[in-house]
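Some notes on the structure that comes next.
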Amino acid sequence: MNVLELDKVSKSFAKGLLGRKHRVLGGLSLQIERGEVFGLLGHNGAGKTTTMRVILGLLRPDGGEVTLFGDRGATRRALSRIGYLGDETGLYPHLNGGEMLQFAGELFRLAPHVIRSRRNSLLKAVGLAEKREVKISKYSKGMRQRLGIAIALMNDPELLILDEPYSSLDPVGRRQLRKLLLSLKQKGKTILLSSHIVPDVEAVCDRVGILSGGTIQKCLSLKEIYAQKTTPVEVTVSGIDPRPLADPVRGVSLVFQNPGAFVLRCEGRGLMKQLVSSVYERGGDVLEIKPLKFSLEDYLLETLTAASADGADTLATEIEELIHAHSS
Amino acid sequence: MRILANSPMLSFPAMTIARYTIKGYIKERVLLAVLVFGFLLMISSYVLSPLAVGAQQKIIIDVGLASVSIFGILLVVLMGAGSYSRERDKGILPGILAKPVSRVDFVLGKFLGTWITVTVVTLCMALVFSGVMLMSRTAFNGTIFVSVYLSGLEVALITAVLSFFSSFTSPLLSSLFTLCVFIAGHFSADLLEFARHFGGTGFKIVATAGYFVLPNLSLFNVRSEAVHNLPLMDGFVGSVTIYGVLYTIVLLFLSALIFRRKDVT
Ligand SMILES: Nc1ncnc2c1ncn2[C@@H]1O[C@H](COP(=O)(O)OP(=O)(O)OP(=O)(O)O)[C@@H](O)[C@H]1O
Ligand SMILES: [Mg+2]
């Protein structure tokens, strides 16, 4: 069963007072199954936060439909089963950590004893047990993020919507969050998260959607990708000229050559074995064998630069031009 | 009507929001500043009033009741708008509305929290005012109590005005508009009277429209009757109460209606 369904959702924002519209989402469709962890990737301004806000009913979509737990739209019933961490953590500065969790628990109408026990265990889980009496205005950014994560878990939600949950966490915090997310996944929770830190996404997600131009451009199942047997391998050879061994048609090609060493790429392990034995037969030497792992990061960058004309790369060139203009 | 059906008037989340709104106000500096200033004003009316021979008691009543009323309104405008804006700025509002809290709950909770806080402050001022009256041996009369009661009602109405403006404009503007409504509301009846006698047709239309759209706040002002210990008309308090409550409910209803269609970011 799908916990979350978006059907051709579109959303524009008025630019300035004179209603010229800036289209952010244009017919975005997405289904997330129960127990699935879905990662939403995309460049700054792609509309990840907007998508999440539309799902939660904070923004009204111009068109399309959001279905949560089989009901249309973000009803009270649906929202009580969702935990949300926004791109701003949204904390009252005059409260302390414990009070903020209390507030969240009361808004979810949890029983007082449930609030008490969850508050304590969650503060411990995010490493804020000692800071519970400290005012949030005196929290560091990472501590606020941790508290935001605790709030998102306060109602023991079935669906978690996390907008850049890893942001401003230290390396230890990142690893803890990874573990936390994996344990939630094991408990059968459904998670939708956005992030720019690709390895963190890779570590926990089953599926990844690349948001660009207002729709999900690509949806990748990481499970399927990693299950593929024919991962390419790079073999570095020295001592002989291995060019005669290259056979692009069968899947062995020369990628790189410098004095004394050649790098050949083989599609699949069988070809690699053949190549290595022929190199030794001819009196050559194998310096290195390196399996080429699928890199989500590279893939993401390729997709994004292909899809958007005003993505990160143009920004980089603009900055370069600026620096040039200043130095000359 | 569906809004009302979906959310019982005293739903839990609204009360929770009201409670935490009050908690937020308690830490406000403005609250303390206004309280201190109000006290000082009342005390000074006691200290300085002997200068005006014979009019001492009248001055004490007038200044005291005016302080009770004006400082309540000032608190709503200064502190209430700040509270509404803080929720917008710090991403608190999305956090609240992503939980099972409807927008009606939020509007109601915010209103109740603000109104209760300011009413408590008003009552504190009234208490100090009674102290000043006792010290100066000024005689109490029934209209003084009515005046304090009507101030509380006026505060509710003005809080609803603030809630209305906050549902669609920026905090600064809603503060400003609320203050304008307060001032215009006190003069709308006078203005209509003036227009009837001296104004042209255009002016008459504007004044009449203003009179019917703006709350008629001069109804809530019975200070001169209190000062001179004049009797109020029969049924006056009852009909003003109904007027104030209805006006407040309509404004809250409109706030909820507008806020429900707004994007929250
Ligand atoms: N309230 C708003 N009013 C007008 N435009 C908005 C509003 N919110 C977002 N936008 C615009 O919508 C686009 C998408 O914004 P969004 O915050 O969803 O991006 P994002 O993918 O979350 O980016 P990031 O990675 O930086 O968090 C941006 O161009 C932004 O300018
Ligand atoms: Mg974002």
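Read-outs: derived from the displayed coordinates by stated rules, not from any lab. Since we're looking at a predicted model, the values are computed, not measured. Positions of Cβ are generated from backbone atoms using ideal geometry, with glycine treated the same way; all protein chains shown enter the neighbour counts.
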* List every residue whose amide H lies under 5 Å from the amide H of A:Tyr84, counting only residues 5 or more places away in sequence or on a different chain, with H placed 1.01 Å from N in the peptide plane. => A:Ile161
* Centroid-to-centroid separation of the stretch A:54-84 and the stretch B:210-227 [C-alpha atoms, Å] -> 45 Å
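Which semi-axis lengths, in whole Å and largest first, follow from the square roots of five times the eigenvalues of the Cα gyration tensor of the stretch B:163-252? Walk me through the numbers on the way to the answer.
Details: eigenvalues 117, 86, 31 Å².
So the equivalent ellipsoid measures 24, 21, 13 Å along its semi-axes.
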* Structure fact -> So, for the Cα atoms of the protein assembly as shown, Rg and Dmax in Å stand at 33.3, 124
* Given springs between every Cα pair under 10 Å in a Gaussian network model of chain A, which of A:Phe108, A:Phe13, A:Phe256 has the largest fluctuation? -> A:Phe256
* To do: Quick one: which residues, 5+ away or cross-chain, put their amide H under 5 Å from the amide H of A:Val24? H built at 1.01 Å from N.
  => A:Lys11, A:Ser12, A:Phe13
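Where does chain A land at 222 nm, in deg cm²/dmol rounded to the nearest 500, when only DSSP H runs of n ≥ 4 count, each adding -39500 (n - 2.57), divided by all residues? Don't jump to the answer; show the numbers that get you there.
Details: 11 runs with 119 residues, N = 328.
Value at 222 nm, helices only: -11000 deg cm²/dmol.
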* Would you mind checking the tilt of helix A:112-125 against the longest principal axis of the Cα atoms of chain A, expressed as 0 to 90 degrees and rounded to 10? => 30 degrees
* Structure fact -> Mean Cβ-within-10 Å packing, highest first, puts peptides A:71-84, B:237-250, B:113-126 in the order B:113-126, A:71-84, B:237-250
* Between B:Ser163, B:Ser175, B:Ser218, which gets the highest mean-square fluctuation from a Gaussian network model of chain B, Cα cutoff 10 Å? -> B:Ser218
* Provide a whole-number value for the mean count of partner chain Cβ atoms within 10 Å of the Cβ atoms in peptide B:23-36. => 1
* Asked: If you wrap chain B's Cα atoms in a convex hull and average its projection over all directions, what's the area in nm²?
  -> 16.3 nm²
* To do: List the residues whose amide H sits under 5 Å from the amide H of A:Gln217, counting only those 5 or more places along or on another chain, with H placed 1.01 Å from N in the peptide plane.
  => A:Ile210, A:Leu211, A:Ser212
* Asked: For the stretch A:172-188, what does the Karplus curve 6.51 cos²θ - 1.76 cosθ + 1.60, with θ = phi - 60°, yield as ³J(HN,Hα) per residue in whole Hz, taken in order and with x for Gly and Pro?
  -> 5, x, 5, 5, 4, 5, 4, 4, 4, 5, 5, 6, 5, 4, 5, 6, x
* Asked: Here are some pairs, A:Lys11/B:Lys262; A:Lys141/A:Lys223; B:Lys23/B:Lys110; A:Lys21/A:Lys141; A:Lys15/B:Lys262; which of them have Cα atoms lying more than 22 Å apart in this structure?
  -> A:Lys141/A:Lys223; A:Lys21/A:Lys141
* Peptides ranked, highest mean first, by Cβ atoms within 10 Å: ranges A:276-283, B:68-75, B:98-105 -> B:98-105, B:68-75, A:276-283
* Structure fact -> In degrees, nearest 10, the alpha-carbon axis of helix B:12-26 is tilted away from the dominant principal axis of the alpha carbons of chain B by 50 degrees
* Asked: Helix A:312-327 sits at what angle to the longest principal axis of chain A, using alpha carbons and giving 0 to 90 degrees rounded to 10?
  -> 80 degrees
